[in-house]
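Please see the structure below; I have some questions.
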Amino acid sequence: MRIEYDRDTCIGMFQCVAEWDAFERDTDAGKAVLADSEEAEEDIFVREVPEDAEMDAKFAARACPVDAIEVYDDDGEQIV
C-alpha cells in the first residue's frame, strides 16, 4: 500500500497529524509534512505504508478536509 500527499492542496488543518504519526506539523509553512516520503513530482509526496499502519493511513486520508491525501493498494487502485 502507498500513500500520496499533495502538499500544495493542504490547507493546514492538521487532521491527518491526529490520525497517523507519519504526518507532522510544519507550522512555519502552515502545511503538514509526510515523513519518510519522496517527492514524486512538484508538491506530491509518496511513501509506502507499513502493514501495521494501513488503517491509520486510511483514516488520515479520510480526515483530510480537502482530499490532499490518497491511498492506493498494491495493484495501484485508489482505495481512499
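Laboratory data are not the source of any read-out in this text; all were calculated from the coordinates shown. These figures come from a predicted structure and were not determined experimentally. So basically every Cβ, Gly included, is an ideal-geometry build from the backbone, and we count neighbours across all protein chains shown.
Rounding to the nearest 20 debye, state how big the charge dipole of the stretch 2-72 is about its Cα centre with +1 on each Lys and Arg Cβ and -1 on each Asp and Glu Cβ.
Its charge dipole is roughly 320 debye.
Show me 10-20, 69-79 ranked by packing, highest mean number of other Cβ atoms within 10 Å first. Kindly include the intermediate steps, with their values, before the conclusion.
Values: 10-20: 17.8, 69-79: 13.1.
Descending mean neighbour count gives 10-20, 69-79.
Ok, one more. If each DSSP helix of 4+ residues adds -39,500 (n - 2.57) and the sum is divided by the residues in the chain, what number results at 222 nm, nearest 500 deg cm²/dmol?
Roughly -5000 deg cm²/dmol at 222 nm, from the helical runs in the chain.
Would you mind giving the average projected area, over all directions, of the Cα convex hull of the chain in nm² with one decimal?
4.6 nm²
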